[in-house]
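Enquirer: Before anything else, here's the structure in question.
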Amino acid sequence: MMKIRNTRDGWGAGAQLLHWLIAAGIATAMLLGWIMVNLPNSATKFELYALHKSLGITILALVLLRMAWRWINVVPDMPGTLSPREQKLAGAGHMALYALMLLMPLSGYVLNSAANFPLNVFGLVQIPNLTPESETLADVASVMHLAFFWVLAAVLVAHIGAALRHHFVLHDDVLRRMLPVRRR
Ligand code: HEM
């Protein structure tokens, strides 16, 4: 049976659930963001913005939970077949992903706050604004939000490419241990 917590040689159900929930959430938020900014003004555009922001704040909460969970669990060892240089590169890539998972929603939150827009998550929870109203800050945060999107997209391509390389080229357990399947 799969354990809730991580072990030295694998991710538990908690870490896997958070990984895949956040992955699906970020993919959806990226797609929604891309579509909504390119839509002409309409009720639909407005609704997509509201949905994007609600999803983004939910992702931010899940990412904070994920980081806390990682903190209070052991982190599984990387396969010993990787060279020290490869292990360092993988570690740096993962740290970049954590930073971007925070910066992406945070820059959106700052952008929304500086524009003095009310923020209501799925019509359920009212979220206070982080900053006073400022057109300059809103502009800066908007540029950052778009820049983080491109950096995140690039790091994700590398991340997914690395996972596929582990599975199909190196034939190790790295991809499989993030999936709820029995290990070889
Ligand atoms: C993981 C979370 C998020 C992702 C992946 C994401 C992604 C994106 C993307 C791809 C765009 C289109 C960028 C462009 O073409 O200018 C965008 C725009 C936008 N996002 Fe997010 N976003 C996230 C979270 C948030 C949050 C939490 C908020 C607000 C509370 C937010 C507010 C906005 C706004 C207002 C825009 C329009 C930007 C503009 O008009 O300059 N986003 N987002």
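The values are calculated or read from the model by the stated rules, or taken from the named source; none is laboratory data. What you see is a predicted model; the values in this text were computed from it and never measured. We place every Cβ from the backbone using ideal geometry, glycine too, and count neighbours over all the protein chains shown. Just the protein is used for accessible areas: all its heavy atoms, side chains included, with ligands, DNA and RNA removed. Shrake-Rupley method; radii C 1.70, N 1.55, O 1.52, S 1.80 Å.
Enquirer: Give a residue-ordered list of calculated ³J(HN,Hα) values for segment 158-172 (Karplus: 6.51 cos²θ - 1.76 cosθ + 1.60, θ = phi - 60°; whole Hz; x for Gly, Pro).
Expert: With coefficients 6.51, -1.76 and 1.60, one gets 5, 4, 5, x, 5, 4, 5, 4, 4, 6, 9, 9, 8, 6, 10 Hz.
Enquirer: Of all accessible surface on the chain at a 1.4 Å probe, what whole percent is carbon and sulfur?
Expert: Details: 8330 of 11600 Å².
Answer for the chain: carbon and sulfur cover 72 percent of the accessible area.
Enquirer: To continue, here is another question. 5 Å is the cut-off here: which amide hydrogens, built 1.01 Å from N in the peptide plane, fall below it relative to Thr7, excluding neighbours closer than 5 in sequence?
Expert: Sorted by chain and number, the residues that satisfy this are Gly12.
Enquirer: Kirkwood-based Rg over Rh for segment 13-178 (C-alpha set), two decimals?
Expert: Working: Rg = 17.9 Å, Rh = 17.5 Å.
Ratio of gyration radius to Kirkwood radius: 1.02.
Enquirer: Turning to a different aspect of this structure: Solvent-accessible area per residue for the chain at a 1.4 Å probe radius, Å²?
Expert: Working: 11600 Å² over 184 residues.
Dividing the accessible area of the chain by its residue count gives 63 Å².
Enquirer: Enter the angle in degrees (range 0 to 90, nearest 10) between the Cα long axis of helix 43-71 and the first principal axis of the Cα atoms of the chain, meaning the one along which they spread out most.
Expert: Computed tilt is about 40 degrees.
Enquirer: If each of Ile127 and Gln87 carries a label point 7 Å out from its Cα toward its Cβ, how far apart are those two points in nm?
Expert: Modelled inter-label distance: 3.8 nm.
Enquirer: Length gain on complete extension for the stretch Leu64 to Asn38, per 0.36 nm per residue less the alpha carbon to alpha carbon distance? Don't skip to the answer; put the middle values down first.
Expert: Numbers: separation 26, 0.36 × 26 = 9.36 nm, distance 3.01 nm.
Taking Leu64 through Asn38 to full extension adds about 6.4 nm, to one decimal.
Enquirer: Rounded to the nearest 500 deg cm²/dmol, what is the calculated helix-only ellipticity per residue at 222 nm for the chain, with -39500 (n - 2.57) per DSSP H run of length n ≥ 4?
Expert: Numbers: 4 runs with 119 residues, N = 184.
Result for the chain: -23500 deg cm²/dmol, rounded to the nearest 500.
Enquirer: Taking H placed 1.01 Å from N in the peptide plane, check which residues at least 5 places from Leu119 or on another chain put their amide H under 5 Å from its amide H.
Expert: Ile127
Enquirer: Mind checking which lysines have their Cα closer than 16 Å to the Cα of Lys53? Skip sequence neighbours fewer than 8 apart in that chain.
Expert: List returned: Lys45.
Enquirer: Follow-up question, since we're still on this one. Determine which aspartates and glutamates satisfy two conditions relative to Lys88: a Cα distance under 16 Å, and not lying fewer than 8 residues away in the same chain.
Expert: Straight-line reach from Lys88, under 16 Å: Asp77.
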